[in-house]
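Below is one structure; the comments refer to it alone.
The values are calculated or read from the model by the stated rules, or taken from the named source; none is laboratory data. The shown structure was predicted, so the numbers you read here are calculated from the model rather than taken from an experiment. FYI the Cβ positions are ideal-geometry reconstructions off the backbone, even for glycines, and counts take in every protein chain you see. Protein only, heavy atoms only, side chains kept; ligands, DNA and RNA dropped before computing areas. Shrake-Rupley method; radii C 1.70, N 1.55, O 1.52, S 1.80 Å.
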Amino acid sequence: MNATTHFFPVEADGNAVKRTLEGLKYVSNLRMLTNLSTKCINLSADNAKTEINQALQEFALNISADRAYLRYYDFTNNTMRNSYEWCRNGCKSHPDVMQDIPISDHRYWADKHQNGDPVLVDNVSSLSPGALRNMLVQEDTRSHISIPMMHEDRCLGFVGFDWMTLHHHFSGSEQDFMQQFAGILTNLSLRIKYEEELKAAKEKAEESSRLKSAFLASISHELRTPLNAVIGYSSIIKNMAADDTLREYSDIICKNGDGLITIIDDILDIAMSEHRNINLKLGNIQMQELFQNFEFQLDEILNKSEKNDRIRLLFSIDDHLREQSIISDKSKINQIMANLFKNAVRFTDEGEIVVGCQKSGDEQLSFFVKDSGIGIPEEELDYIFDFFRQGDGSPSYKSGGIGVGLAISNRLTVAMGGELSVESGPSNGSVFTLKIPMNISEV
């Protein structure tokens, strides 16, 4: 069988090949822009440099350029810096040298770019003598194009491409793609800038918060020392004075001093709780010893409130739990329970407060404080664990303290992997429940 021979006019064949190559280049550029746009949606500032350099390389290879770069303008300081660059092997490259270049040395470039116009040079040797030609000749550039990166009416910088081995003629489609490419990099540059500014602001805020917490902790400790002396000597005068008026005045000093100590303790707790990581000090806890500490601590709080003749304190603890040992943070459990008990005493004028502990399922230990106080309206339960809020909706100072006990208790509970909840209603009292993981100790 004889092969069939096809004859095509040479000129027609050449045009077809040219159109095919241009079509392939068009599709390649379109795919590259699409991929870059997709990547930029979730691209972080940390990965931006690698992706931008890769995009510059890919786009430059598609248009046969020898060098591609992205430079930012700083019109405040009148400088220009080279932030990203790709260069073909064997061609001159100096990304680290082109930093803080005076814009005055590139005035033609800057003026064109500020107006939103590209700089396009098909043949550098045909330029009139001047700064632009001298700079491009020094860079071994034969053809050049740079597209401004515009945000509204402000020029952020430009994307540049150089041909160093051959002259290049810029087609209309190439220029359109370059404009789109510059637009994508503009949006990405803005997002990187905003992300970096947000990160810097966050770090500044965190440092400010750390210094504030350190100050609060320091001043709280400093205040306690003289205040303890005031309360101590006032108590001595109260017990030794024979004059009723003097005893009354001493008693007033003691009560207000105790109130001030409470506020200082709250401030110190705020400072400590604002640290992002609450460190747990896990250890073996004998439940019988823990309950004894509860009884002593809560009796002392009730006596100090001077409501012990009107409020009955009851304990409801499962007997089998007294023999158990668990692994947890004893000091934080005590702090949470003390806050819950102080809260119950504060909002109960008469009746009873029940403090209990029971096993909740196989993996949780449930502590509770139940009071017969004024209760909490349903609409206020949503923010009862917020800072500086109390269950009656009144300013904190009216009931003593500054309204941080429950918020701090909730934060400590979360750090322990537990849950703090409340059930209450107006005039029906409240039940606060602390649930923590029950890690049984083998010791």
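Things to note:
- Selection count where residues are assigned to a helix (DSSP H, G or I), open to solvent by 50 Å² or more (accessible area, probe 1.4 Å) and either under 11 Å from residue 352 (Cα atoms) or not acidic (Asp, Glu) (or both), scope segment 298-334: 6
- Within segment 59-94, the residues that satisfy the criterion of being assigned to a helix (DSSP H, G or I), at pLDDT 85 or above and not small (Gly, Ala, Ser) are 59, 61.
- Residues satisfying the stated conditions in segment 140-150, i.e. open to solvent by 20 Å² or more (accessible area, probe 1.4 Å) and modelled with pLDDT of 90 or more: 142, 150
- Members of segment 96-145 that are part of a loop (DSSP other than H, G, I, E, B) and within 48 Å of the chain's Cα centre (by Cα): 96, 97, 98, 99, 100, 115, 116, 117, 118, 139, 140, 141
- On the stretch given as segment 335-348, residues that are in a helix (DSSP H, G or I), closer than 18 Å to residue 308 by Cα and of a type outside the set (Phe, Trp, Tyr) total 8.
- Any hit, segment 165-173, residues being surrounded by 21 or more Cβ atoms within 10 Å (Cβ to Cβ) and either basic (Lys, Arg) or touching a residue at least 60 places away in the same chain (Cβ under 8 Å) (or both): yes
- Among residues of segment 99-109 being open to solvent by less than 80 Å² (accessible area, probe 1.4 Å) and free of Cβ contacts under 8 Å to residues at least 40 places away in the same chain, the one that is nearest to residue 152 (Cα to Cα) is 103.
- Condition met for residue 48 (in a helix (DSSP H, G or I) and either within 20 Å of residue 188 (Cβ to Cβ) or among the basic types (Lys, Arg) (or both)): yes
- Only a single item in (1) more than 30 Å from residue 88 (Cα to Cα); (2) touching a Leu at 6+ places or on another chain (Cβ under 9 Å); (3) basic (Lys, Arg) is not met by residue 210, and it is number (2).
Each row is one residue, and each column tells you yes or no for (1) closer than 28 Å to residue 280 by Cβ; (2) open to solvent by less than 50 Å² (accessible area, probe 1.4 Å); (3) over 33 Å from the mean Cα position of the chain (by Cα); (4) modelled with pLDDT of 85 or more.
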position: 348; (1), (2), (3), (4): no, yes, yes, yes
position: 356; (1), (2), (3), (4): yes, yes, yes, yes
position: 408; (1), (2), (3), (4): yes, yes, no, no
position: 423; (1), (2), (3), (4): yes, no, no, yes
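- Count - residues of segment 174-217 that are of a type in the set (Ser, Thr, Tyr), modelled with pLDDT of 80 or more and surrounded by 13 or more Cβ atoms within 10 Å (Cβ to Cβ): 2
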